[in-house]
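Single-structure report; data block below.
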Amino acid sequence: MMDYEAFFADALDKLKAEGNYRVFAELERHAGDFPHATSYDGENTDRITVWCSNDYLGMGQHPDVLAAMTQAVQTAGAGAGGTRNISGTTHYHVLLEDELARLHGKEAALLFTSGYVANEAALSTLAARMPGCVLLSDELNHASMIAGIRHSGAEKRIFRHNDPADLERHLKEIEPGRPKIVVFESVYSMDGDIAPIGRFCDLADRYGAITYLDEVHAVGMYGAHGAGVAERDGAMDRVTLIQGTLAKAFGVIGGYIAASAKLVDFVRSHASGFIFTSALPPSIAAGALASVRHVRAFGQPDRDRHQERAATLKRLLTEAGLPVMPSVSHIVPVMVGDAALCKQVSDELMTRHRIYVQPINYPTVPRGTERLRFTPTPFHSDDDMDRLVAALKDVFSRHRIRCAA
């Protein structure tokens, strides 16, 4: 008979030996004092600076968001009361979906419990229920998109990352009458590069495909109203379906899709990941609604400051000779290239310098490209950046990690 506990232990030991075992830091963020937090290590606590949060604009601590959530808890209670079709659709959910549709210039939007669920449910539903559908997926798409593609059971083709020519090669090989979905992201969160949205839309139009764009690392931060890179590039009306999250720049939790009324209703009516999942608590929907409204109307100064902070950090790291990877977005990756070493560097930044940044190892990135991924926010000061650069130089020198200087 199989020794199940031994199997689990061996698998975990293998992860630890590879340097890929994940250890979660126990943190308590300080509302009103972001990016600072308290780190817990047993009975010991320490004040640290967070450098890897996806709360890109600090909206998770914004007074409007906190007030909206508090009021919703007091007026509507804690939970939604069930799935959306049973008793979980509240006024807050309807208002938030309307707001998200307006944000992206679409007829309708649909909420999910997370961005992962939104991708998995929408992609698997669309591809599985359109007879003969072919999914054309960028090779670096997120795990949630890969899961949706796999669960659909539909034919899939993987095109080279951000490569219109390779995408067209695949499109040419598919029978003209078959339904086709081109699936890609705007900002790729590990390398920080950005997709050629307009060129992909040109190809989709030419070959009769629809486009599925994941904007989770861009909503709130790009475009005149924070709708994402597609808005910034003037291509938002050309994208068939936009998927986003409420857990990053909007600072709360949840995911969504925005598209035509019929497409959204189709997903709403068929997606198991929507139908059989309890609705987001009304307080979450209320907080997200306040966040989206604020970011749309008043977010440009924060977006400008955010871009300046990212550019400044890249410059400081480059000037210090540290191996910062090229990035045209707000993502600032620093190459280490070894899983165990990446974990050691992360640990020492915390213990020696009270700087928190998680190692990014396989399977999030390919083996040999392990890195630290920094996400500066409008609230990281010049002093924070100077301390980070000095800390990195210290730790990289101690471990003799190759630098430019």
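A few notes on this one:
- Taken over region 319-350, residues that are of a type in the set (A, V, I, L, M, F, W, C) and in a loop (DSSP other than H, G, I, E, B) amount to 6.
- Checking each residue in region 162-174 for being free of Cβ contacts under 8 Å to residues at least 24 places away in the same chain and of a type outside the set (A, V, I, L, M, F, W, C) picks out 163, 166, 169, 173.
- Answer residue from region 47-83, given it is open to solvent by 70 Å² or more (accessible area, probe 1.4 Å) and of a type in the set (D, E, K, R) and is farthest from the chain's Cα centre (by Cα) among those: 47
- Close pairs from region 205-226: first under 14 Å from residue 240 (Cβ atoms) and touching a residue at least 24 places away in the same chain (Cβ under 8 Å), partner among the hydroxyl-bearing types (Ser, Thr, Tyr) and surrounded by 23 or more Cβ atoms within 10 Å (Cβ to Cβ), Cβ under 8 Å, at least 6 apart: 213/186; 214/186; 215/186
- If you go through region 268-280 and pick out every residue that is in contact (Cβ under 8 Å) with a residue 40 or more places away in the chain and surrounded by fewer than 24 Cβ atoms within 10 Å (Cβ to Cβ), you end up with 8.
- The C-beta contact set for region 378-396 (first residue touching a residue at least 60 places away in the same chain (Cβ under 8 Å), second residue acidic (Asp, Glu), distance under 8 angstrom, 6+ apart or interchain) comprises 378/302.
- Answer residue from region 1-29, given it is more than 17 Å from residue 370 (Cα to Cα) and in contact (Cβ under 8 Å) with a residue 24 or more places away in the chain and is most open to solvent (accessible area, probe 1.4 Å) among those: 29
- Qualifying residue in region 172-179 (condition: touching a helix residue (DSSP H, G or I) at 6+ places or on another chain (Cβ under 9 Å), small (Gly, Ala, Ser) and not in a strand (DSSP E or B)): no
- Residue check for residue 297: part of a helix (DSSP H, G or I), surrounded by fewer than 16 Cβ atoms within 10 Å (Cβ to Cβ) and among the small types (Gly, Ala, Ser): yes
- Members of region 209-265 that are among the β-branched types (Val, Ile, Thr) and assigned to a strand (DSSP E or B): 210, 211, 242, 245, 257
- Residue among 9, 25, 17 that is of a type outside the set (S, T, N, Q) and at pLDDT 95 or above: 9
- In region 137-159, the qualifying residues are those that are assigned to a loop (DSSP other than H, G, I, E, B) and either modelled with pLDDT under 95 or out of contact with any Lys or Arg (no Cβ under 9 Å at 6 or more places or on another chain) (or both), and the one that is surrounded by the fewest Cβ atoms within 10 Å (Cβ to Cβ) is 153.
- Consider region 216-243 and keep the residues that are over 20 Å from residue 293 (Cβ atoms) and β-branched (Val, Ile, Thr). The one that is most open to solvent (accessible area, probe 1.4 Å) is 240.
- Boolean, residue 99 is within 28 Å of residue 224 (Cα to Cα) and in a helix (DSSP H, G or I): yes
- Only one of 367, 354, 400 that is touching an Asp or Glu at 6+ places or on another chain (Cβ under 7 Å) and farther than 25 Å from residue 221 by Cβ: 354
- The residue list 379, 374 contains one member that is at pLDDT 95 or above, in contact with a Phe, Trp or Tyr (Cβ under 6 Å, 6 or more places away or on another chain), open to solvent by less than 80 Å² (accessible area, probe 1.4 Å) and closer than 15 Å to residue 35 by Cα, which is 374.
The values are calculated or read from the model by the stated rules, or taken from the named source; none is laboratory data. Predicted model only: the values in this text are computed from it and were never measured. All Cβ positions, even for glycine, are placed from backbone atoms using ideal geometry, and neighbour counts span all protein chains on display. What goes into the accessible areas is simple: the full protein's heavy atoms, side chains included, and nothing from ligands, DNA or RNA. Shrake-Rupley method; radii C 1.70, N 1.55, O 1.52, S 1.80 Å.
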